[in-house]
Amino acid sequence: MCISHDVSNDTDSADPRGGYRRVDPWPKYPAGMEFEMGSGVAVDAQGVIYLFTRDIEHWAAHPMAMSSKMGKSSVSMFNRDGDYLGKWGPSDERGFALGGHTIYIEKDGTFWTTDRDGHTVRQYTPEGELLLELGTFAEWGCDETHFNGPTAVLVQQCGNIVVADGYWNSRLVFFTPEGEFIKSVGQWGRGPAEFNTPHAITEDSQGRILVADLCGGNFHDYMTVPGQIESHRTRTEEGCQHRIQRLDADGNYIDEWTHITPLSLATYGKRIYASDKMSNLAVLDEDTGEVIERVENIAIYIHQLAMDAHGDLYTASVYPEHAGEQRGVEGPSHRRWTRSKEESA
C-alpha cells in the first residue's frame with residue numbers, strides 16, 4: 001500500500017521554524033581545527049554532542065586512498081554551549097573512517113560508525129575500543145562480508161543489526177548481535193522492498209524499519225573505480241519519486257510514504273524526524289506519516305540529525321558549496337536549534 005498526502009497547505013505557517021531559533025555561535029571550534037564538512041552527529045546520555053567530520057575528503061576506491069594523505073574522518077566532542085571537549089576515542093593516522101557517513105549511540109552506550117568509502121560498519125565502546133567490524137575494510141563487494149558504500153546502521157529492539165548498504169549497492173543486510181550474517185533484503189528497483197539508494201534507516205517504537213530510499217543511482221565516477229558501479233545505476237527511472245519505505249522487523253514490505261523527500265531519518269518517541277527537500281525537517285506521526293510540524297531551512301543538507309534531552313536539534317551537513325557556502329569551520333557544517341528562551345544552559 002502506498003500512502004500519498006496532499007501537503008499543499010503544510011508550509012503555510014506564520015512561524016516556518018516552529019518556534020526554533022538557531023544558536024550562534026555553535027559550536028565553538030577550537031583554534032586550529034580543520035575539516036572539510038560535517039557528516040554525522042549524535043548525543044549521548046550525558047548530553048555530550050559528537051560530530052563526525054570528514055577531515056580530508058577522498059575515496060577509498062581511489063588508487064591513492066590508502067595513502068596517509070587521503071580519506072580521514074574523526075569524531076569531536078562538544079557540550080550544549082558549544083564548548084570543545086576534545087576528540088573521542090583513540091587517534092591513529094587514518095582516523096575513524098576513510099569517508100565518515102553517520103554515527104549513532106545506542107541505549108547500551110556503544111557507538112556505531114559507518115564508513116562509506118572504507119566499506120565498513122564499526123561498533124565501539126564509549127571509550128573508543130573496537131568491539132565489532134562488519135564488512136572488509138577498503139574492499140567493496142556485495143556478499144556476506146563486503147559492502148559497497150554503506151550509509152547507515154540500525155540496532156533493532158531484538159538486538160539484530162541492520163546495515164543500509166546503499167551507495168553502490170541497493171540492499172539491507174541483517175546480522176546477529178555477534179555480527180553473523182543472517183540475510184540480505186532488497187535489490188535495485190522501485191518495487192516493494194526494492195531500493196535505488198537506501199540512504200538512511202530508523203526503527204519506530206513498534207519495531208518497524210523505515211528506509212529513506214532516494215531515486216536514481218549514485219554513480220560518482222570520480223570517487224569509484226571501473227566496475228564498482230553496475231551500469232543500471234547510472235540512470236534514473238522516469239517518474240521516480242523519493243520515498244520512505246516501511247518494513248516489518250524481518251524486512252517485509254508494509255507500505256511507503258511519498259510525500260517526503262528524505263535524506264536522513266531519526267526516531268524520538270513516537271515521531272519520525274525526516275529531512276524533506278534536503279534542507280527542511282518534517283516531524284511525522286509514526287503510524288500514519290502525517291506531518292505534525294515542519295521546521296524550514298535549518299541546514300544545507302540534513303545529512304544526519306540528533307536531539308538532546310532539552311529538545312534541541314543538531315544537524316550535520318555535507319557539501320555546503322552546493323548552496324554557495326564554505327566548507328570547514330567557516331561554513332554551516334554543524335548547527336544547533338533550540339526553543340529554549342535561554343541563550344545557553
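What follows draws every value from the coordinates through simple rules; no lab data is involved. The model shown is predicted, which means the values in this text are computed figures rather than measured ones. As a convention, Cβ positions derive from the backbone with ideal geometry for all residues, glycine included, and neighbour counts pool all protein chains shown.
Just a few scattered comments:
- Using a Förster distance of 25 Å, the FRET efficiency for Asp250-Leu131 (Cβ separation, nearest 0.05): 0.50
- Overall form of region 110-253 per C-alpha gyration tensor (a/c, 1.5; a/b vs b/c): oblate
- Extent along principal axes [Cα atoms of region 182-295; Å; largest to smallest]: 44, 34, 25
- For region 228-300, the gyration tensor built on C-alpha atoms gives an oblate shape. Its axis ratio a/c (a ≥ b ≥ c) is at least 1.5, and a/b is not larger than b/c.
- Among Gly99, Pro27, Asn79 the positive-end extreme of the charge dipole of the chain (Cβ point charges): Pro27
- Charging the Cβ of each Asp and Glu at -1 and of each Lys and Arg at +1, and nothing else, the dipole of the chain about its Cα centre rounds to 500 debye.
- Among Glu325, Glu293, Glu203, residue whose mean-square fluctuation peaks in a GNM of the chain (springs only between Cα atoms under 10 Å): Glu325
- Put in order of Cβ neighbour count within 10 Å, fewest first, the listed residues His146, His199, His310, His242 become His310, His146, His242, His199.
- Given charges at beta-carbon only (K, R positive; D, E negative), |dipole| of region 163-285 in Debye: 240
- For the options Glu238, Glu34, Glu230, a Gaussian network treatment of the chain with springs between C-alpha atoms closer than 10 Å singles out Glu238 as fluctuating the most.
- Modelled spin labels at Cys158 and Cys215, positioned 7 Å past Cα toward Cβ, are 3.4 nm from each other.
- Cα centroid separation - region 125-196 against region 266-307, whole Å: 23
- Dipole axis of region 211-329 (+1 Lys, Arg; -1 Asp, Glu on Cβ), positive-most option in Pro262, Val225, Val295: Val225
- Label-to-label distance, nm, for residues given as His322 and Gln241 (7 Å Cα→Cβ offset): 2.1
- Among Thr236, Thr120, Thr202, residue whose mean-square fluctuation peaks in a GNM of the chain (springs only between Cα atoms under 10 Å): Thr236
- As a rough footprinting exposure proxy, the listed residues Arg246, Arg54 were ranked by other beta carbons within 10 Å of their own, and the order from fewest upward is Arg246, Arg54.
- The dipole here belongs to region 260-328: it is taken about the Cα centre, uses +1 on the Cβ of Lys and Arg and -1 on the Cβ of Asp and Glu, and is about 160 debye.
- Note on region 169-238: the C-alpha convex hull projects to 6.2 nm² when averaged across all orientations.
- Region 202-261: chymotrypsin sites (Phe, Trp or Tyr not before Pro) falling in loop per DSSP and having at most 14 other Cβ within 10 Å: none
- Contour minus Cα-Cα distance for Arg21 and Asp81 (0.36 nm per residue): 20.1 nm
- Region 264-344 shape via C-alpha gyration tensor axes, a/c threshold 1.5: oblate
- Burial ranking of peptide ranges 147-154, 162-169 (average Cβ count within 10 Å, highest at the top): 162-169, 147-154
- The orientation-averaged shadow of the Cα convex hull for the chain, equal to a quarter of the hull surface, comes to 16.5 nm².
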